[in-house]
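Visitor: Got a structure for you, questions after.
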Amino acid sequence: MAELINCPSCGGLFIKNRLRDTCDNCFKEEEKMYETVYQFLRKRENRAASMERVVEVTGVSEDLIHKWVRKRRLHPTHFPNMGYPCDKCGTIIPNGKLCNDCSHELSSDLKQFEAQEEWKRRQKELHQKTYLSSKSHD
């Protein structure tokens with residue numbers, strides 16, 4: 001379902017949908033900027049350009065380029081120096097949400113948590129006492 005929100009770029013109202021996260025005017029401007037960046041990167045000599053170089057030559061913000069890489073409009077397989085920040089530490093990555101280090105750290109933390117939960121479960125089982133009583137009636 002579409003929702004009415006303010007455009008994050010210009011503040012104007014628009015109906016957000018899954019394809020666009022800005023108003024029509026800002027979307028058109030972003031498309032022009034995308035074409036500028038894409039035309040620059042399409043040239044063989046620019047394919048391995050650094051993010052700083054792309055920003056310098058095209059005048060397009062790094063955040064907007066990150067957005068296009070995240071949305072897979074610019075593929076790091078074609079442009080090896082393009083990426084976006086890891087959601088946790090900010091290291092530039094070509095895909096996913098976390099860099100390898102943060103992913104391993106999260107995995108390690110999860111294994112540690114599971115081990116602690118298992119230990120707590122075992123301790124609870126050991127401390128539970130079942131009392132059986134038998135009364136003999138004489």
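Visitor: In segment 53-68, what residues are over 11 Å from Tyr34 (Cα atoms), within 19 Å of the chain's Cα centre (by Cα) and free of Cβ contacts under 8 Å to residues at least 12 places away in the same chain?
Guide: Correct list: Glu62, Asp63.
Visitor: While we're here: Could you list all residues from segment 36-48 that are part of a loop (DSSP other than H, G, I, E, B) and either modelled with pLDDT of 95 or more or basic (Lys, Arg) (or both)?
Guide: Hits for segment 36-48 are Lys43, Arg47.
Visitor: Within segment 88-105, work out how many residues are in a loop (DSSP other than H, G, I, E, B) and touching a residue at least 12 places away in the same chain (Cβ under 8 Å).
Guide: Matching residues across segment 88-105 total 6.
Visitor: Answer yes or no: is there a residue in segment 10-20 that is under 27 Å from Pro80 (Cβ atoms), surrounded by 12 or more Cβ atoms within 10 Å (Cβ to Cβ), without any contact (Cβ under 8 Å) to a residue 40 or more places away in the chain and not basic (Lys, Arg).
Guide: no
Visitor: All but one of (1) part of a helix (DSSP H, G or I); (2) closer than 21 Å to Thr36 by Cβ hold for Pro80, so report the exception by its number.
Guide: (1)
Visitor: If you don't mind, another one. Give me the residue from segment 41-61 that is of a type outside the set (Ser, Thr, Tyr) and over 12 Å from Asn81 (Cβ atoms) and, out of that set, surrounded by the most Cβ atoms within 10 Å (Cβ to Cβ).
Guide: That would be Val60.
The values are calculated or read from the model by the stated rules, or taken from the named source; none is laboratory data. From a predicted model like this one, the values you see are computed outputs, not experimental measurements. With ideal geometry, Cβ positions are generated from the backbone for all residues, glycine too; neighbour counts draw on all protein chains shown.
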